[in-house]
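Visitor: My structure is below; once you've seen it, I'll send some questions.
The values are calculated or read from the model by the stated rules, or taken from the named source; none is laboratory data. Note that the structure is a prediction, hence the values are computed from the model and not measured. Counting neighbours? That spans all protein chains shown, and the Cβs are built from the backbone with ideal geometry, glycine included. The area values use the complete protein model at the heavy-atom level, side chains included, leaving out ligands, DNA and RNA. Shrake-Rupley method; radii C 1.70, N 1.55, O 1.52, S 1.80 Å.
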Amino acid sequence: MIEENVKNLLESIPEHNPQGEKITFVAAIKTQTVENINRAIRAGIRDIGDNHAQEFRDKNDSILPEARRHFIGHLQTNKLKYLIGKVGLYQSIDRLEIAKALSEKSQKAGITSEILLQLNIGNEESKSGFDPDDAERAYLEVSALKNLKITGLMAMLPESDDEALLRSLATRMRETYDNLNAKYGGFVHLSMGMSGDWKLCVECGSNMIRLGTAIFGPRHYD
Ligand SMILES: *Cc1c(COP(=O)(O)O)cnc(C)c1O
């Protein structure tokens, strides 16, 4: 099933978004076994995203090395030590405190960490992220920190059947991305879109989607 799902997705996800940017397909691997993750990688997945730092640490050595590692979950300062130097893209930098901690840890390790700023585009209490109205200030505060490189924005749309609402939020993300990039430059990733809404997000200008259920089926939490 996993192999077939990956094959079908690789065929159905367009190569480019309407802006002509290449689309990156990240597998969201929370709760999946190492075996299933490696099956997805053998089937052609080249980017994988973790939500939990301990899971990352425990599985890291067993995951096939050809996959680039992303971190996509809510991060705690005291867990950064499991990730530093091993994550290619921190997508879920959702508050100044975690950006400062990652900056300090990166300085100590003598590396630059690539990050996206997560915006809480639906202003949902259950989700973290910078306030979209404050995106520019967040960008300026984080970009003043050493050893971090901001290459774009990330968001999760609300769970909703209201397609017009979802389109307006996704479009607002793209506008925010374009405005910041026009002013400051350096953006390459707009990470937006999950199994249920990735098509809509790509149509609205996302160039990075994160899919779990569409690859692995429904998640089972113990
Ligand atoms: C779990 C998760 C996804 C994937 O969700 P699906 O609906 O299973 O595709 C994407 N992004 C983040 C941040 C996630 O936590």
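Visitor: What's the total number of residues in the stretch 61-92 that are among the charged types (D, E, K, R), loosely packed, with under 13 Cβ neighbours inside 10 Å and not in a helix (DSSP H, G or I)?
Guide: Matching residues across the stretch 61-92 total 2.
Visitor: I want to confirm something. Restricting to the stretch 110-149 and keeping residues that are β-branched (Val, Ile, Thr) and open to solvent by 20 Å² or more (accessible area, probe 1.4 Å), which single residue is nearest to GLY193 (Cα to Cα)?
Guide: By that ranking, first place goes to THR112.
Visitor: A further question on this structure: Checking the structure you have, find out if any residue of the stretch 180-203 is more than 16 Å from the ligand (Cβ to nearest atom), of a type in the set (Ser, Thr, Tyr) and either in contact (Cβ under 8 Å) with a residue 24 or more places away in the chain or closer than 17 Å to ASP50 by Cα (or both).
Guide: The answer is yes; a qualifying residue exists.
Visitor: Filter the stretch 7-38 down to the residues that are over 24 Å from CYS204 (Cβ atoms) and surrounded by 20 or more Cβ atoms within 10 Å (Cβ to Cβ) and list them by number.
Guide: Answer for the stretch 7-38, where residues must be over 24 Å from CYS204 (Cβ atoms) and surrounded by 20 or more Cβ atoms within 10 Å (Cβ to Cβ): ILE29, GLN32, ILE37.
Visitor: Is it fair to say ARG167 is basic (Lys, Arg), surrounded by 15 or more Cβ atoms within 10 Å (Cβ to Cβ), free of Cβ contacts under 8 Å to residues at least 60 places away in the same chain and away from the ligand (no atom under 16 Å from the Cβ)?
Guide: Criteria met by ARG167.
Visitor: For the stretch 146-164, which positions are within 16 Å of the ligand (Cβ to nearest atom) and either in contact with a strand residue (DSSP E or B) (Cβ under 9 Å, 6 or more places away or on another chain) or assigned to a strand (DSSP E or B) (or both)?
Guide: Of everything in the stretch 146-164, those that are within 16 Å of the ligand (Cβ to nearest atom) and either in contact with a strand residue (DSSP E or B) (Cβ under 9 Å, 6 or more places away or on another chain) or assigned to a strand (DSSP E or B) (or both) turn out to be GLY152, LEU153, MET154, ALA155, MET156, LEU157.
Visitor: A further question follows. Scan the stretch 207-222 for residues that are in contact with a Lys or Arg (Cβ under 8 Å, 6 or more places away or on another chain), part of a loop (DSSP other than H, G, I, E, B) and either more than 8 Å from the ligand (Cβ to nearest atom) or open to solvent by 30 Å² or more (accessible area, probe 1.4 Å) (or both) and jot them down.
Guide: ASN207, ARG219
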